[in-house]
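Below is one structure, written out as structure tokens; the observations come after it.
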Amino acid sequence: MTQQITLALSKGRIFEETLPLLEAAAIQVLEDPEKSRKLILATSRPEVRVVLVRATDVPTYVQYGGADIGVAGKDSLIEHGGQGLFRPLDLQIAKCRVSVAVRADFDYAAAVRQGARLRVATKYTSIARDFFAGKGVHVDLIKLYGSMELAPLTGLADAIVDLVSTGNTLKANHLVEVEQIMDISSHLVVNQAALKLKQAPLKRIIDAFAGAIPRG
Ligand code: AMP
């Protein structure tokens, strides 16, 4: 009996940049998520299907077996905690960084030097808490779910911790990057039980992905 494999992906950059890796595993996704409202997409291999979930939900789907395998940003993995996940590959895709940014007219260095209590808005509370604790900077964290760039512009926060890729979003909103916290890329994550129960088909996918990781 062929074993069903469910792969969790998020729309956008991760989906687009995973397609060549799937191609290497001889798997073509049969629908374009930007054109369809379907959340479960068939592939050219009847036993493999793709489920579309929010980027931050990929680790949770794989942890609890809603998906056998998934592609998740390191940012999402850190915030999730990584419990119940086997993480065999850094896929080197959807690369960006987590940074601290402030309004161009805010003197971040002076605020840190003076030991001021910073108000920091972010979706990445674990990453931000660890980073500022490591620097000995006192912060009040404000959890947001979207458009963090707006927080310093409205007076909600002094600083944000967010993903930066080209820096264009920061620039368009008169924000400047003052610290780079960590580099981010997406990783392959596998459900630990599935890894034992569906070892052969999962290993084929993992090996094909490993051979197709982009360099540089
Ligand atoms: P950029 O203008 O290229 O610096 O991109 C910044 C915006 O895109 C921010 O709103 C980020 O949250 C988002 N972003 C950048 N890189 C990624 C990524 N790898 N995954 C998800 N969101 C990203």
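Axis of helix 13-24 versus longest Cα principal axis of the chain: the two differ by about 30°, to the nearest ten degrees.
For a modelled paramagnetic label at R87, 7 Å from Cα along Cα-to-Cβ, the residues of region 118-155 in reach, with backbone nitrogen under 20 Å, are 123-134. Go through T6, A42, Y124 and say which Cα lies farthest out towards the positive end of the charge dipole of region 1-147; charges sit on Cβ, +1 for Lys and Arg, -1 for Asp and Glu. After comparing all options, I get Y124.
Rolling a 1.4 Å probe over the protein heavy atoms gives the chain an accessible area of 51 Å² per residue. Given the pairs K95/K135; K143/K203; K135/K196; K74/K203, which are separated by over 30 angstrom at their Cα positions? In this structure, K143/K203; K135/K196 exceed 30 Å between Cα atoms.
Find the relative contact order for the chain and round it to a whole percent, using C-alpha pairs within less than 8 Å whose residues are 6+ positions apart. Once normalised by length, the contact order is 29 percent.
Along the chain, the exposed loop sites are trypsin sites (Lys or Arg not before Pro) outside DSSP states H, G, I, E and B with at most 12 other Cβ atoms within 10 Å, and the longest stretch free of them is 118-214.
When a 1.4 Å probe is rolled over the protein heavy atoms, the share of accessible surface on the chain that falls to carbon and sulfur comes to 52 percent.
The overall shape of region 1-105 is prolate: from the C-alpha gyration tensor, with semi-axes ordered a ≥ b ≥ c, the ratio a/c is 1.5 or greater and a/b exceeds b/c. What longest region of the chain stays clear of GluC sites (Glu not before Pro) that DSSP places outside H, G, I, E and B and that have at most 15 other Cβ atoms within 10 Å? That would be 48-216.
Report the residue, chosen from A159, A72, A133, that carries the largest GNM mean-square fluctuation when the chain is represented by alpha-carbon nodes joined by springs under 10 Å. Result: A133 has the largest fluctuation of those listed.
The values are calculated or read from the model by the stated rules, or taken from the named source; none is laboratory data. This one's a predicted model, so the numbers in the text were calculated from it and none came from an experiment. As a convention, Cβ positions derive from the backbone with ideal geometry for all residues, glycine included, and neighbour counts pool all protein chains shown. SASA here: full protein model, heavy atoms, side chains in, ligands and nucleic acids out. Shrake-Rupley method; radii C 1.70, N 1.55, O 1.52, S 1.80 Å.
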